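To keep things clear, I will list the structure first and then write my remarks on it.
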């Protein structure tokens, strides 16, 4: 699984003008699922997202996690993260999981996150979404599990 995480002061996802998910301070995470991914990968990714130290501590160092700051977690499915971009001028998507597998794993990740973290929101799988965010820093990391 690949996750592009962005530390935000606020973020929201809209589908056809309707806000379907929003957070204030926290992490906006774009999630890409690859064919070899499974629930164990989703579990590992979730633990990293919750504990990855990307927020400032009292001394201004990136030493606090999402759990430490009690921030929001906004998960958005993003199959283009799994694209093959190594050559040519057009991305290939044979490296992305089939939609049914990707949706099942994304839903699993979302359900697990909601069980262990107090503020979790999401986009809508497979929808044409507009993602609005204020990147704090900017701070952006690509996690791969």
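Computed from the coordinates by the stated procedures, all read-outs in this text should not be read as laboratory data. All values reported here derive from a predicted model rather than from experimental measurement. Note that each Cβ is placed from the backbone with ideal geometry, even for glycine, and that neighbours are counted across all protein chains shown.
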- Message: Nearest 5 percent is fine: what portion of the DSSP beta bridges confined to the chain is antiparallel?
- Response: 75
- Item | Alpha carbon convex hull of segment 1-113, volume per residue in cubic angstrom | 130
- Among 70, 113, 96: highest mean-square fluctuation, GNM of the chain, C-alpha pairs under 10 Å: 70
- Query: Do you know the relative contact order of segment 22-84, to the nearest whole percent, from alpha carbon pairs under 8 angstrom that are 6+ apart?
  - Reply: 51
- Item | Spin-label pair residue 62/residue 4, simplified geometry with 7 Å Cα→Cβ offset, distance in nm | 1.7
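How high is the relative contact order of the chain, in percent, with contacts defined as C-alpha pairs under 8 Å that are six or more residues apart? Could you put the intermediate results ahead of the total?
Details: 313 pairs, mean separation 56.4, N = 145.
It rounds to 39 percent for the chain.
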- Task: Using all C-alpha to C-alpha distances in segment 84-145, build P(r) with 5 Å bins and read off the rounded percent in each one.
- Result: 3, 11, 13, 20, 27, 17, 7, 2, 1
